[in-house]
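Values quoted throughout were computed directly from the atomic coordinates according to the rules given, and no laboratory measurement underlies them. Keep in mind the model is a prediction, meaning the values are calculated, not measured. Glycine gets a Cβ as well: all are built from the backbone with ideal geometry, and neighbour counts include every protein chain shown.
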Number of protein chains: 2
Amino acid sequence: MEFIEELRSLKEQVKFDKRIENVQDFDNMVIAGMGGSGICGKIFQELYSKKPVITLDDYHTPEFVSDNTLFIGISYSGNTEETISAINEAKSKGARIITISAGGALEKMGYEHISIPLGLQPRSAGGYMLVPLLNSFGMMDEGIIERTYALLDELDRENSRCMAHAKRIATGKKIPVIFGASPYRNVAMKWKNQFNENAKVIAYANSFPELNHNDTMALAQTYRKKNLYFFAFGSDYERIEQRIQVTKEITDTNFRIIKPKGKSTVEKLFYLIHYGDYISYHLAGIRGINPTDVSIIEELKRRLH
Amino acid sequence: MEFIEELRSLKEQVKFDKRIENVQDFDNMVIAGMGGSGICGKIFQELYSKKPVITLDDYHTPEFVSDNTLFIGISYSGNTEETISAINEAKSKGARIITISAGGALEKMGYEHISIPLGLQPRSAGGYMLVPLLNSFGMMDEGIIERTYALLDELDRENSRCMAHAKRIATGKKIPVIFGASPYRNVAMKWKNQFNENAKVIAYANSFPELNHNDTMALAQTYRKKNLYFFAFGSDYERIEQRIQVTKEITDTNFRIIKPKGKSTVEKLFYLIHYGDYISYHLAGIRGINPTDVSIIEELKRRLH
């Protein structure tokens, strides 16, 4: 499948009708995953706050995990060593374990499993890994799915602004800096990851209001500011919008504001994700880089074995 | 007080003998704080895993907060609007609330309060905000305090390597990139914040093994790599050490390895923090920047009122 087709499959992915049953009977929740799989847990953690949710991107499971814990291990390949290690530890602590993967070792472990379609790059399969979580906790409905589909389809047909950003980034060999705001802080992180993996460009993410306590001081006086390209996600919160405007003015920084389209949080979430997909995809194209190439990461895995 | 004296007070701060009493009787814990105060909660969260700990760096408190929650609000000034907002929400949900500040509104709110000394920059008072948390959960003892004091004192007397890093960063106008590893991922973030606030330089942090799933791909092919200056914290975990070495080789990246000294996790933690303090301090000096100047952040606060 061409990479552009993978990206465009996102609108079909939001229809993915899988869910975890009986999710109410636990005290806390842990979601383990790395990279393109792990970011789905992190995005969910920001949206769901009825129970404490801890996300893991490492080998080890916290001590508190017990039979009162719902433990979800996500790995697109099903073979991520950190995630497998964390699942094994969670098992020994008696947690209820759910696995989400497209085959691999995770599927064979014998836990309650959500099987997702094969054949994509993990970072293109975010819908398949995120939607079952959103379904399970009542955050999706027919209207949301339809409207999200329409928004993503619109972006698939018309994304010339994404191309314009990519061109300016490429021309100046700029480092993308993405400033998010709740509940889309981890979407800013996903953009950073997409710049890394698709366009093979270093990138950096932080979020309002936290960055007003550190980055802001640097923005006014740092060297290399001309080498950076700043995005800020527009927010529904007036106080955050004020912070963006004031920060822009007093640090004299050109933030490109990306205002999410959509009615619900979920629509805005997927719109923002897809907007970033296109910028990184176009940037790869302009740089003459193959966006599907992850040979270095594969070489690393070989060398570690 | 001169800024260098503030930094050097860290060794005295580790002796700070305050604690929260009766911390066992709760299901979960939330620690709210921004910037130099917030990072203390995040560092603690990585070290303590017997209960779920959620950290907040925003206005709002999660829905799950209840009378089974220990809620700790930290603000050096005591006047941080995000933290005050989060505390007020936690109060309405019935949480047990602890405040930690050097005066300000937090002290006057009337909750159980830990009062810390006035007169420092929040980012220089990390010991005062972190040690009460470590004390409360049994992570400090006389031996640890003594050995930590000795390590920090050693760095106060001899930090020429920190100066050498600062010189190379300044000469090349480089962007510091700090790669941490558990349990010091948030120490990498604290270094980033210190570069921002002390040296007024943009900086970026991520951690092993997560960065092997995204940044690694960029490191091999990104532009501007010569404009970046890479640190990696040495790890006690063999698998992480392997990852650092292999990543260095296959991406041809010059990581400066910072190996923490000390026997216990707490000693290593403070050693790493102080090492970063000195690099950012020296970088400010070389750049002719006043490290205590936070006029832009203060201007922002004025403009928001």
Exercise for the section: Would you list which aspartates and glutamates come within 20 Å of A:K91, measuring only between C-alpha atoms, while excluding same-chain residues fewer than 8 positions from it? Expected result: A:E21, A:D25, A:D27, A:D57, A:D58, A:E63, A:D67, A:E81, A:E82, A:E107, A:E112
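Take A:D58, B:D17 and order them by how many other Cβ atoms sit within 10 Å, fewest up front. Could the numbers behind the result be given before it?
Details: A:D58 23, B:D17 9.
Going from least to most buried by this count: B:D17, A:D58.
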Completion exercise
Diffing the range A:66-81: the Karplus 3J(HN,Hα) column from phi (6.51, -1.76, 1.60, θ = phi - 60°), in whole Hz with x for Gly and Pro, holds 8, 6, 9, 10, 8, 10, 10, x, 10, 8, 4, 5, x, 10, 6, 5
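Using +1 on the beta carbon of Lys and Arg, -1 on that of Asp and Glu, and nothing else charged, what's the dipole of the range A:3-140 about the Cα centre, debye to 20?
Working: 13 positive and 17 negative charges, 71 e Å.
Charge dipole, the range A:3-140, about its Cα centre: 340 debye, nearest 20.
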Exercise for the section: Along Cα-to-Cβ, 7 Å out, sits the label point; list in nm, shortest first, how far the one on A:M1 is from those in the other copies. Expected result: 5.8
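Can you pick out the pairs among A:K42/A:K93; A:K261/B:K93; A:K15/A:K259 whose Cα atoms lie more than 27 Å from each other? Could the numbers behind the result be given before it?
Working: A:K42/A:K93 23 Å; A:K261/B:K93 33 Å; A:K15/A:K259 24 Å.
Listed pairs above 27 Å: A:K261/B:K93.
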Completion exercise
Going residue by residue through the range A:17-31, the Karplus relation 6.51 cos²θ - 1.76 cosθ + 1.60 with θ = phi - 60° gives ³J(HN,Hα) values, rounded to whole Hz and with x marking Gly or Pro, of 9, 10, 8, 8, 8, 6, 8, 7, 8, 7, 8, 8, 9, 10, 10
Handout entry: Whole-Å semi-axes of the range A:141-186's equivalent ellipsoid (Cα gyration tensor)
Key = 28, 17, 5
Completion exercise
Summing -39500 (n - 2.57) over every DSSP H run of at least 4 in chain B, dividing by its residue total and rounding to the nearest 500, the 222 nm mean residue ellipticity is -14500 deg cm²/dmol
Completion exercise
For chain A, the charge dipole (Cβ of Lys, Arg +1; Cβ of Asp, Glu -1; about the Cα centre) points to a positive end, and the Cα of A:T216, A:A32, A:V65 closest to that extreme belongs to A:T216
Fill in the blank from the handout: Applying the gyration tensor rule to the Cα atoms of the range B:127-224 (axes a ≥ b ≥ c; rounded if a/c under 1.5, else prolate if a/b exceeds b/c, else oblate), the class is oblate
Handout entry: Nearest-20 debye value, chain A charge dipole, Cβ charges on Lys, Arg, Asp, Glu
Key = 1180 debye
Practice task
In whole Hz, with x marking every Gly and Pro, tabulate ³J(HN,Hα) for the range A:154-161 from phi via Karplus 6.51 cos²θ - 1.76 cosθ + 1.60, θ = phi - 60°.
Solution key: 4, 5, 4, 7, 9, 9, 5, 5
Problem - D_trans [Stokes-Einstein, Kirkwood Rh over alpha-carbon pairs] for the range B:3-140, 10 °C, 1.306 mPa s, µm² s⁻¹ - result: 108 µm²/s
Handout entry: Globularity ratio of the protein assembly as shown, using Cα Rg and 2.2 N^0.38 Å
Key = 0.91
Exercise for the section: Rank the residues A:M109, A:M140, A:M129 as a footprinting-exposure proxy: fewest other Cβ atoms within 10 Å of their Cβ go first. Expected result: A:M109, A:M140, A:M129
Fill in the blank from the handout: If unit charges are put on Cβ atoms (+1 for Lys and Arg, -1 for Asp and Glu) and the dipole of the range B:143-286 is taken about its Cα centre, the option from B:I202, B:M189, B:Y275 lying farthest towards the positive end turns out to be B:I202
Handout entry: Zero-based 10 Å bins, Cα pair distances in the range A:143-287, whole percents
Key = 12, 42, 36, 10, 1
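Could you put B:D25, A:D141 in order, starting from the residue whose Cβ has the fewest other Cβ atoms within 10 Å?
On the way: B:D25 8, A:D141 11.
By the 10 Å Cβ count, ascending: B:D25, A:D141.
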Fill in the blank from the handout: Long-range amide H partners of B:A232, meaning residues 5 or more apart or on another chain whose placed amide H is closer than 5 Å, are B:F179, B:R256, B:I257, B:I258
Handout entry: Sequence-separation-based contact order of the range B:1-152, relative, with Cα cut under 8 Å and 6+ spacing, percent
Key = 30 percent
Practice task
Round to a whole angstrom and tell me the spacing of the C-alpha centers of the range B:143-184 and the range A:64-97.
Solution key: 35 Å
Problem - Unit charges on C-beta of K, R, D, E only; dipole of the protein assembly as shown, Debye - result: 2180 debye
Fill in the blank from the handout: If exposed means GluC sites (Glu not before Pro) lying in a DSSP loop and surrounded by at most 12 other beta carbons within 10 Å, then the longest stretch of chain A lacking such sites spans residues A:159-305
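Provide the net charge surrounding B:E81, with neighbours chosen by a C-beta distance below 9 Å and charges set as Lys +1, Arg +1, Asp -1, Glu -1.
On the way: positive: A:R239, B:K301; negative: B:E82.
Net charge in that neighbourhood comes out at +1.
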Fill in the blank from the handout: Sorting from shortest, the nanometre distances separating the label point of B:R239 (7 Å past Cα along the line to Cβ) from those of the same residue in the other copies are 4.1
Exercise for the section: Name the lysines eligible as straight-distance cross-link partners of B:K226: C-alpha to C-alpha under 19 Å, and not fewer than 8 places from it in the same chain. Expected result: A:K173, A:K174, A:K200, A:K225, A:K226, B:K167, B:K173, B:K174, B:K192, B:K248
Practice task
Report the far tail of the P(r) of chain B, meaning the percent of Cα-Cα pairs longer than 27 Å.
Solution key: 43 percent
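Over chain A, what is the mean sequence separation of C-alpha contacts under 8 Å (at least six apart), divided by residue count, expressed as relative contact order in percent? Numbers along the way, then the final one.
Numbers: 547 pairs, mean separation 55.7, N = 305.
Relative contact order comes out at 18 percent.
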